[in-house]
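All remarks here apply to the structure that follows.
The values are calculated or read from the model by the stated rules, or taken from the named source; none is laboratory data. Quick caveat, the model's predicted, so the values are computed rather than measured. For neighbour counting, all protein chains shown are included, and Cβ atoms are generated from backbone atoms with ideal geometry for every residue, glycine included. Accessible surface areas use protein heavy atoms only, side chains included; no ligands, DNA or RNA. Shrake-Rupley method; radii C 1.70, N 1.55, O 1.52, S 1.80 Å.
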Amino acid sequence: MINPRYCEVKNLLRRSRTIDTYFLIKHSCAPYRACQHACMYCDGRAEKYYVEGDFERDIVVRTNFVERLEIELPKLKERGILFLSSGVTDPYQPIEEQCRLMSKASKLLAEYNHPVAVMTKSALAIRDLDNWRRVNEQSRFILMVSLTTLDDRIRQHFEPNASSVEDRVRMIQTFKEAGCVVGISAMPFLPHISDTEDNLIDFYTKMQELDVDFVLSSGLTLRPGVQKDCYMSVVKTHYPHLVEAYRNLYKEERASGNMVKSQASIIYGRMNSLSTQFSFPNMIPHQVYRDMMPAYDSVYVLLSHMIELFKVRGINVQRLKLAFKRYASWLDEEKRYLYRKRKATQLELERKLIYLAESDELMKLLGNRKLTSFLQDIILNHGILDYKTLKLSAKRRQSGVG
């Protein structure tokens, strides 16, 4: 039995001037706190997040979620992806069947020209497909499905109240058929359980068959305390032969929950290798986010991603890092002005970026002629970088940036 705690919030949206370059979060919120899915590895169980009560049963319901959305969305200074989820909840957990906060929110958001991303491991999201399809048609919608294994037995052990693997696969197919962007949050792959080479190959092969748009992957972190104790209780029950291996992996008891560095390098190396093999860069592709945010934020994300894409290929990124640092400093200063001046607008900042690209000012800012030429094509000609080939899309000129 769950123990819902109903409350109203004075402020709902979490906002940041600097966009998160991994999940592309600019504005975020969630209708609930804590989670009935009861995932045994969930980082949200850790003490640092201050989730009161029983994480699986004392579910906080923000009853004025939709009303606050309607009030706060028009006041946003910048356009950006609205991320409906958080690290300590799932917006489509079972209580949503009764409360229907996401159902009402999806209907509201279908009336706004605002891109939306939802991350869930619940097939209940299919219920609101018609609304999310409308969002996608006018401003784009991303469904991020949390899925780390094709073995439903593992799912039952570690995600007891979440949708089955079969139902999540069906959800992926349904949203893809509706024309939505669908990505996978493969976080975390479980050491010696779901991160074995055979399991990973099967997983990536299936994602390729489903034609998902991206796969974001990571290993398991176990923060000392409630989270680690909860997870290890499952290992001791269902995988007792792995207890000693886990003790060695997490023997340093880091506050971050990271495993020992030597093993982490091996595990992440394996994931990076398979991501490359199956053409799933471990980041959201440029063609997905290109038009879902202001051009200046899109360039910021792109430069950050390029650093990682080049590093994986063994390309020296020192000059690129310096250019990114210069651009980030310029953007931060411009945004300070944008938020300080009430009448300043996002459109004005976008025009400044175009002016830089049309003049020699972008070269002066970046100090890199080849990168400047590439970004001019991105900014002025609507170019899109293919993360698999590091070339501009076929619709543009076939120039590389390596």
Item to complete: Quickly run through the stretch 1-14 and pick out the residues that are farther than 30 Å from residue 306 by Cβ and either open to solvent by less than 30 Å² (accessible area, probe 1.4 Å) or β-branched (Val, Ile, Thr) (or both).
Response: 2, 9, 12
Worksheet entry | Test: residue in the stretch 15-35 that is more than 18 Å from the chain's Cα centre (by Cα), under 25 Å from residue 217 (Cβ atoms) and open to solvent by less than 40 Å² (accessible area, probe 1.4 Å) | yes
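When you check residue 348 against the structure, is it under 26 Å from the mean Cα position of the chain (by Cα), under 30 Å from residue 75 (Cα atoms) and among the acidic types (Asp, Glu), yes or no?
Details: under 26 Å from the mean Cα position of the chain (by Cα): no; under 30 Å from residue 75 (Cα atoms): yes; among the acidic types (Asp, Glu): yes.
So residue 348 fails the test.
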Worksheet item: Is it the case that some residue within the stretch 51-68 is open to solvent by 20 Å² or more (accessible area, probe 1.4 Å), assigned to a strand (DSSP E or B), touching a Lys or Arg at 6+ places or on another chain (Cβ under 9 Å) and farther than 20 Å from residue 292 by Cα?
Response: yes
Worksheet, complete the sentence: Going through the stretch 217-245 in order, the residues found to be under 27 Å from the mean Cα position of the chain (by Cα) and of a type outside the set (A, V, I, L, M, F, W, C) are 217, 218, 219, 221, 223, 224, 225, 227, 228, 229, 231
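Restricting attention to the stretch 339-389, and to residues there that are in a helix (DSSP H, G or I) and among the small types (Gly, Ala, Ser), which single residue is farthest from residue 318 (Cα to Cα)? Give the derivation first.
Of the residues in the stretch 339-389, the ones in a helix (DSSP H, G or I) are 339-340, 346-358, 361-366, 369-380.
Right, trim to among the small types (Gly, Ala, Ser) and you get 357, 373.
On the way: 357: 22, 373: 18 Å.
Out of the qualifying residues, it is 357.
Against the condition over 19 Å from the mean Cα position of the chain (by Cα), open to solvent by less than 10 Å² (accessible area, probe 1.4 Å) and modelled with pLDDT under 95, how does residue 105 come out, does it pass?
On the way: over 19 Å from the mean Cα position of the chain (by Cα): yes; open to solvent by less than 10 Å² (accessible area, probe 1.4 Å): yes; modelled with pLDDT under 95: no.
It is false that residue 105 is over 19 Å from the mean Cα position of the chain (by Cα), open to solvent by less than 10 Å² (accessible area, probe 1.4 Å) and modelled with pLDDT under 95.
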Worksheet entry | Tally, over the stretch 108-140, of residues that are under 17 Å from residue 26 (Cα atoms) and either over 20 Å from the mean Cα position of the chain (by Cα) or assigned to a helix (DSSP H, G or I) (or both) | 3
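For residues in the stretch 202-249 being closer than 12 Å to residue 148 by Cα and part of a helix (DSSP H, G or I), which is most open to solvent (accessible area, probe 1.4 Å)?
202
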Worksheet entry | Which numbered condition residue 77 fails, given (1) surrounded by 18 or more Cβ atoms within 10 Å (Cβ to Cβ); (2) assigned to a loop (DSSP other than H, G, I, E, B); (3) of a type outside the set (Gly, Ala, Ser) | (1)
Discussion item. Residues that are of a type in the set (Gly, Ala, Ser) and in contact (Cβ under 8 Å) with a residue 60 or more places away in the chain: does the stretch 161-171 have at least one?
Written reply: yes
Practice prompt. Hey, could you check the stretch 179-195 for residues that are outside any strand (DSSP E or B) and either out of contact with any Ser or Thr (no Cβ under 6 Å at 6 or more places or on another chain) or more than 30 Å from residue 241 (Cα to Cα) (or both) and say which is modelled with the lowest pLDDT?
Written response: 195
Discussion item. For the stretch 147-162: of the residues being part of a loop (DSSP other than H, G, I, E, B) and open to solvent by 20 Å² or more (accessible area, probe 1.4 Å), which is nearest to residue 90 (Cα to Cα)?
Written reply: 161
